[in-house]
Amino acid sequence: MQGAAFTRKQVRNLLNFIIRYGTWFLFVFYVLLSFVLLFSHNSYHHSVYLSSANMVVSSINGTASEITGYFHLRSINESLQASNAMLENEVLNLRHQIAEYQTKLSDTAENKNYDERFDYISATVINNSVRHPRNYFSINRGEADGVKRGMGVVDQNGITGIINVTGAHTSRVISLLNETQHFSVKIKGTEYIGSLSWKGGDPRIAYVEEVPRHAKFHAGDTIVTSGFSTTFPPEIPVGIVMNRVKGTDDNFFVLKIRLTSDFRALSTVRVIKDEYKPEIDSLKNFDYKPGK
Amino acid sequence: MNKEIIKFSFLFIVILLAQVLICNHIAIFNVAVPIIFIYFIIRLPISLGKGILFTLAFTMGLCVDIFADTLGVNALACTLLAAMKRPVFYAYIPKDDKTKYLTPSLSSLGVGIYCKYLITMVGLYCLMAFTIEYFNFAEVKEIVILAASSCLLTFVMLLAIDSLIIKKS
């Protein structure tokens, strides 16, 4: 008879087998579940509940960071002062230049108000790690504050990461210290583009790969963002060139750089909102497809 | 029995919070990381059913993973460690009626055997966790350095926790 039921004995044997080895089935189940989590973790899409941006974890981390947040205030204050002094200098210089142009060319150099392309959302880091091969940190701003996946995150010293998962009031950021994440950068003052990546280990050191062989650089040159994406505006500092190291491809240089941001003492960051993003993204719909 | 359940629930929460809020942010010389939450798995009674042991270990690992954004790494390593708990325990102590209902601790096993059991468990865990996390045989040297230094630091910290508990009770 096709599809005949098992005999009672067979069923009993099967049940006995399951009961006897049930715990090992459970073990195999947990191991498989762990593997699923392990491999889904690397993909871009995953749920907010299993990340540090979920409600329970972020409220616990938020409370803890209110206490530990004081620890690095001194060094953060110093770097803020330095960055403030630099900005003040720049403002004075620019004012001076504007005044000069206005007297020289009074008809062409009007005081135009340009649209601001980039908007900033200020946030506090509530959880941070630097010791894993794939590091993330969480901030206390989420969808309700206008944070969206793919936005860039910077602190007073330079770039720090990209928004990866957003909750209502918290978000998780892929840190620059994440082996899977690459950033488009260039050597300041030139147009030589490279790809920034972190290779694990020291949280102060990263590498710029795929720099063309003919690029000119000196140790001490600044590496800045290229501005070729809607994630970061151009000319945001990233690091300082230390030296050239041997790469896998002879046609390209690899530069070892010292990162400007101190990832062990992240405190206040800004999320960058690009007002042109929808416009630039919509351009992708006009791809010219030859032969169609 | 109820007292034991309350004691271990309390241990679960306290050690989880200590791990994710304090120890996860410590990395001495950027290599040695204290992994104290496995103390919970190490201290669970030997007579505890395997199903409950695996479930508790997996849950503990998953909780740490969610906090540290290392999804799957500690969950897998904890489940594997739970499966090795009994074989490691009986490698140092004869399997008989007397040892069947033991709860591994400094006072029940004696310093020598407890230390051997503790360092084996911690060493196995560190090796598994870092291998799973890096998942790359090109980085064997890093994995060994990380595992060895973390194992040593964790071992010392767990002994310190043990001595604190003994003083209290």
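The values are calculated or read from the model by the stated rules, or taken from the named source; none is laboratory data. Predicted model, so just to flag it, every value in this text is computed and none were measured. So basically every Cβ, Gly included, is an ideal-geometry build from the backbone, and we count neighbours across all protein chains shown. These area figures cover heavy atoms from the full protein model, side chains too; ligands, DNA and RNA do not enter into them. Shrake-Rupley method; radii C 1.70, N 1.55, O 1.52, S 1.80 Å.
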Under the Karplus curve 6.51 cos²θ - 1.76 cosθ + 1.60, θ = phi - 60°, whole-Hz ³J(HN,Hα) for region A:161-172, x wherever Gly or Pro sits: x, 10, 4, 10, 10, 10, x, 5, 10, 9, 9, 9
Helix B:140-168 vs. chain B, principal-axis angle (Cα, 0 to 90°, nearest 10): 40 degrees
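Which GluC sites (Glu not before Pro) from region A:117-204 combine a DSSP loop assignment with at most 11 other Cβ atoms within 10 Å? Numbers along the way, then the final one.
Values: sites: A:Glu143, A:Glu179, A:Glu191; in loops: A:Glu179, A:Glu191.
The qualifying sites are A:Glu191.
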3J(HN,Hα) from dihedral phi, region B:43-60, Karplus parametrisation 6.51/-1.76/1.60, rounded to Hz, x for glycine, proline: 8, 4, x, 5, 6, 4, x, 4, x, 5, 4, 5, 5, 5, 5, 4, 4, 4
Of the DSSP H helices in chain A, those whose Cα atoms cover at least 15 Å axially and whose Kyte score averages 0.5 or more: A:8-40, A:55-68
Region A:174-226-region B:83-98 distance, computed between alpha-carbon centres (Å): 53 Å
Pair A:His182, A:Tyr101: separation of 7 Å Cα→Cβ label points (nm): 3.7 nm
Derived scalar couplings ³J(HN,Hα) [region A:258-275; Karplus, 6.51 cos²θ - 1.76 cosθ + 1.60; whole Hz; x for Gly, Pro]: 9, 5, 7, 7, 9, 6, 7, 10, 5, 9, 9, 10, 10, 8, 9, 10, 9, 5
Chymotrypsin sites (Phe, Trp or Tyr not before Pro) restricted to region B:13-57 and DSSP loop, no more than 12 other C-beta within 10 Å: B:Phe29
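Run the helix sum for chain A: -39,500 (n - 2.57) per DSSP H stretch of 4+ residues, divided by residue count, reported at 222 nm to the nearest 500 deg cm²/dmol. If you can, show how the numbers build up before the last one.
On the way: 4 runs with 86 residues, N = 292.
Value at 222 nm, helices only, nearest 500: -10000 deg cm²/dmol.
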Choice from A:His72, A:His169, A:His182 with maximal GNM fluctuation in chain A (Cα, 10 Å cutoff): A:His72
Rg to Rh quotient for region B:89-169, alpha carbon positions, Kirkwood Rh: 1.08
Exercise: per-residue mean of other protein chain Cβ atoms within 10 Å, B:73-79: 5
Exposure ranking of A:Tyr207, A:Tyr70 by accessible area [1.4 Å probe, largest first]: A:Tyr70, A:Tyr207
Estimated dipole of the protein assembly as shown in Debye, rounded to 20 [Cβ of Lys and Arg +1, of Asp and Glu -1, Cα centre]: 2420 debye
Ranked by how many other beta carbons lie within 10 Å on average, peptides A:82-94, B:149-161 from highest: B:149-161, A:82-94
Placed amide H near A:Ile126: partners under 5 Å, 5+ positions off or other chain: A:Ser138, A:Ile139, A:Asn140
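Nothing charged except the Cβ atoms of Lys and Arg (+1) and of Asp and Glu (-1): what's the magnitude of the dipole of region B:2-168 about its Cα centre? Round to the nearest 20 debye.
Working: 13 positive and 9 negative charges, 147 e Å.
Roughly 700 debye, rounded to the nearest 20.
As a test, work out the antiparallel percent of DSSP beta bridges whose residues both lie in chain A, rounded to the nearest 5. Walk me through the numbers before you get to the answer.
Values: 51 of 51 bridges.
About 100 percent, rounded to the nearest 5.
Keeping the other protein chains in place, figure out the carbon and sulfur percent of the accessible area of the protein assembly as shown, with a 1.4 Å probe.
Working: 15900 of 25930 Å².
For the protein assembly as shown, the apolar C and S fraction of the accessible surface comes to 61 percent.
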